[in-house]
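The values are calculated or read from the model by the stated rules, or taken from the named source; none is laboratory data. Note that the coordinates shown come from a computational prediction; the quantities given were computed from them, not determined experimentally. Ideal geometry is used to build each Cβ from the backbone, glycine not excepted, and the neighbour counts take in all protein chains shown. Each accessible area value is taken on the protein alone, full model and side chains, heavy atoms only, with ligands, DNA and RNA left out. Shrake-Rupley method; radii C 1.70, N 1.55, O 1.52, S 1.80 Å.
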Amino acid sequence: MKLWLRLHPPNRGDDCVVIRQTRKPNMAAAAASLTAAKQQLRSLMKQRLSSVPQESVTLQSRNIFESLKDFEPYKHASRISIYLSMPAAEVQTDAIVRDALAAGKHVFVPYLHKSPLETPDTPARVMDMVHLRSVQDYESLKLDRWGIPSIDPATVHERQRILGGPDAQRSDAATLDLMLMPGVAFDFDDAGSVRRLGHGKGFYDFFLNRYLAKQGGGTERPPLALYGLALTEQLLAPGSSEQVPTGAHDRRLHGLVLGSGEIRQSSTSSV
């Protein structure tokens, strides 16, 4: 579609400049429709999750923790990424973080910061994963305005970071074996892959794109395993009118650990 714009330069009377622009309305409309569908589902899930009793969240989180302890990808992972949870309406990860640290695993948690990248379409804020040194280090984290334990920016330069930066240790070996991811809603597509609806900022998808690009697609290491942690209320029923809307940049997961204690695997690879 061609669009002709008639522009009037300032203080030039009726003189005008005619510019021809080309745009792709179908792509723009599809993107807007996808964004609207995601936001509609987030609003629905927010209402649904607000009615889940905290006792249920605590019980389901315990079930997930007990299942993870015997789960091979978790047991054998030496370097794992774990989100630090909000106080309510999502799977609580405190027990997982403490267990992983006590077991001697290298635990990395999200850290949001201003983007250092100058490439087009880069978000203003991006996510990295930074190292927790110990249980004591974890317990010293302050709560942010959402009640989430958060890394003090003043300490970041002392910590190893997965995507690099002024680290206390070199980042060339900063890899991950397992990532445990939050989400607003999850479901399985027709091919049996886990779809995830995030909170809308794109932090995880952008992080994964950068991480995989940094690894260069090498085969010397096993691929990063991606698993979502979900309350049973967050898994959309198959065949229902509710589905997780996805676009080309939304990554599928390798599996899902549910509040019932069940671990469901994708039937296809996500990465």
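The one condition from (1) of a type in the set (Lys, Arg); (2) open to solvent by 60 Å² or more (accessible area, probe 1.4 Å); (3) at pLDDT 95 or above that Lys114 does not meet is (3). Taking residues in segment 107-122 that are within 30 Å of Ile96 (Cβ to Cβ), and partners anywhere that are open to solvent by less than 40 Å² (accessible area, probe 1.4 Å) and among the acidic types (Asp, Glu), the pairs with Cβ atoms closer than 9 Å and at least 6 places apart or on different chains are Phe108/Asp128; Pro110/Asp128; Tyr111/Asp128; Leu112/Asp128; His113/Asp128.
Every condition in (1) more than 27 Å from Lys201 (Cα to Cα); (2) open to solvent by 50 Å² or more (accessible area, probe 1.4 Å); (3) not in a helix (DSSP H, G or I) is met by Glu66 except one, and the failing one is (3).
Please verify whether Ala95 is among the aliphatic types (A, V, I, L, M), within 25 Å of Gln60 (Cα to Cα), open to solvent by 20 Å² or more (accessible area, probe 1.4 Å) and not in a loop (DSSP other than H, G, I, E, B), treating the condition exactly as stated. Criteria met by Ala95.
Can you tell which of Leu163, Leu176, Leu180, Leu208 is at pLDDT 90 or above and assigned to a helix (DSSP H, G or I)? Among Leu163, Leu176, Leu180, Leu208, only Leu208 is at pLDDT 90 or above and assigned to a helix (DSSP H, G or I). Need the failing condition index for Arg48 against (1) at pLDDT 95 or above; (2) of a type in the set (D, E, K, R); (3) more than 30 Å from Ser85 (Cβ to Cβ), just the number. Of (1) at pLDDT 95 or above; (2) of a type in the set (D, E, K, R); (3) more than 30 Å from Ser85 (Cβ to Cβ), only one is false for Arg48: (3).
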